[in-house]
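Report on the structure given below.
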Amino acid sequence: MSTPVPTLPTTLPDVEVTASPRKGVPLVVLSRTSADGPPEFGPGGDRLPEAWADLVAFTGAAGEAQAGPVDSGVRWVLGLGDGESAKWRSAGAALVRAAEATLDGAKSAADRGLQVELPADAGADEVAAFVRGVVLGGYKFKVTAEEPKPRVRGLRLVVPDGERRDEIDAAARRSAVLAAATSFARDLANAPSNVKDPAWLAKTAAKAAGKVAGLGAEIRDERWLASNGFGGVLAVGGGSERPPRLLELSWNPKGATGPHVVLVGKGITFDTGGISIKPAEGMHLMRTDMAGGGAVIAAMVAIGTLGLPVRVTALVPCAENHVSGSSYRPGDIVTHYGGTTTEVTNTDAEGRMVLADALAYARATLKPDLLVDVATLTGAMKVSLGMRTAGLFATDDALAERLREAGARVGEAFWRMPLLEEQFADAVVSEVADIRQCPSGPGGITAALFLRQFTGDTPWAHLDIAGPARSDKSYDDVVPGATGFAARTLVELVASYT
């Protein structure tokens, strides 16, 4: 019997900006804390009894969601804390989680919606953060034959001022597209690996791309990879009976301006570690080892949906790193696309092997103006930066800062790491091949130095998202499982060139 994986992409709440409230849709009143008195209530707050906040001990703290009084017409009262934009994001997520916990008796689509009259000082940044929180905060991915529980169907934002409404509508719509990219990246990473083999990942991505006008997709199989010298991808995928693929997505709109951006994402659909096998504890999480590739795929769908006037190409080398008699071995020497040879020292360092082929191919055939790769590459980054911040390595200061700022605008944190070329570049050199797969030294840095060998003089950035790509608990709009991290940042990076 086949595994009943949910339909992808996950259906998310619709977002609508309108001039007036709709009768019958549950009303949400927003509230902020006050330094010298009771919480302050926004539009609709006049429906609350004067003593209500004291009776229920409501403070207006960010993420505090309290059911409104019976017969008041207010379904929820939601705290925004001091009202800074980051608090709107966590508040939106708290709201949708609280609402969905009470939906079992909802009988109509209106009962499953949320309606918010925005205060006059709510700007585009606050609204974008709030939309992101509501759309993503209730995300669920569960493989089951049971009927799904009711979900919030829509978010209605009421803005009476027509001129301001246009600005809010644009911000809300764009935020919804970015949230959908994050959700799709989560879907791909959460899918179980008995379903998600390299062919499934490539086909699912191509199917999603086919729904976006102008977004092209091409899938290359193992025969094409062999005839074109993709030794790294073939070595990593050689231990599995499910052969590797190379996915290429292309967006080249008429009148494109700015640089040709090439994105490369690690697409390891499951990672046993190969012969250098991982411990059993935690191996089940390796279904998300293609989170970098998922982020790149989802970003491309969003870039096309938004119609960004920048040429972008994406490469996702897809492989399953398995154990068998045909697995690659420590001590092997692998020839990558373009002829560079690598001495293999640890088959669990497979991500850099497939990225190396894709980066070399990108340089030689796509002629990019800049290269960005994204990967759950090293455990060292989790040790260095924890679970909510990604490592950022770059050969170009301007690109590094542009990426960091792009992440900050969409709520994703990156910390620039040094390449430390003077100390560790020599360690990448092998005595028996051109380069060594796992040089001695700090793991995140030496992995980046390995990848740099394949980027030449093209401005390049490497995003090691091993920490924030997965979560074991909820925070802000993140839920346990794959987080979809980096998809929004990649879209925002491309948008910064428009």
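Would you confirm, using the coordinates I've provided, whether SER31 is assigned to a loop (DSSP other than H, G, I, E, B) and of a type outside the set (D, E, K, R)?
The answer is no for SER31.
Return the residues of region 299-341 that are small (Gly, Ala, Ser), in a loop (DSSP other than H, G, I, E, B) and farther than 21 Å from PHE450 by Cα; say none if nothing qualifies.
GLY307, SER324, GLY325, SER326, SER327
Go through region 362-403 and report how many residues are in a helix (DSSP H, G or I) and under 15 Å from the mean Cα position of the chain (by Cα).
Residues in region 362-403 being in a helix (DSSP H, G or I) and under 15 Å from the mean Cα position of the chain (by Cα): 1 in total.
Quick one: count up the residues across region 14-28 that are at pLDDT below 95 and either assigned to a strand (DSSP E or B) or not assigned by TED's automatic domain parsing to the domain that holds ARG165 (or both).
The number of residues fulfilling the criteria is 1.
Each row is one residue, and each column tells you yes or no for (1) loosely packed, with under 15 Cβ neighbours inside 10 Å; (2) in the same structural domain as ALA425 (by TED's automatic domain parsing); (3) not hydrophobic (A, V, I, L, M, F, W, C).
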{"position": "GLY325", "(1), (2), (3)": "yes, yes, yes"}
{"position": "LEU355", "(1), (2), (3)": "no, yes, no"}
{"position": "LEU370", "(1), (2), (3)": "no, yes, no"}
{"position": "VAL383", "(1), (2), (3)": "yes, yes, no"}
{"position": "LEU403", "(1), (2), (3)": "no, yes, no"}
{"position": "GLY407", "(1), (2), (3)": "no, yes, yes"}
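Which residues, taken from region 267-298, are touching a residue at least 24 places away in the same chain (Cβ under 8 Å) and in a helix (DSSP H, G or I)?
Scanning region 267-298 gives LEU285, MET286, ARG287, THR288, ALA291, GLY292, GLY293, GLY294, ALA295, VAL296, ILE297, ALA298.
Here are some residues: GLY239, GLY232, GLY214, GLY265. Which one is on the phi > 0 side of the Ramachandran plot and either touching a Ser or Thr at 6+ places or on another chain (Cβ under 8 Å) or assigned by TED's automatic domain parsing to the domain that holds THR335 (or both)?
Just a single option satisfies the conditions, and that option is GLY214.
Looking at ALA390, ALA362, ALA375 in this structure, which one is surrounded by 23 or more Cβ atoms within 10 Å (Cβ to Cβ), out of contact with any Gly (no Cβ under 8 Å at 6 or more places or on another chain) and either modelled with pLDDT under 95 or not charged (D, E, K, R) (or both)?
One residue alone meets the criteria, ALA362.
The values are calculated or read from the model by the stated rules, or taken from the named source; none is laboratory data. The shown structure was predicted, so the numbers you read here are calculated from the model rather than taken from an experiment. Counting neighbours? That spans all protein chains shown, and the Cβs are built from the backbone with ideal geometry, glycine included.
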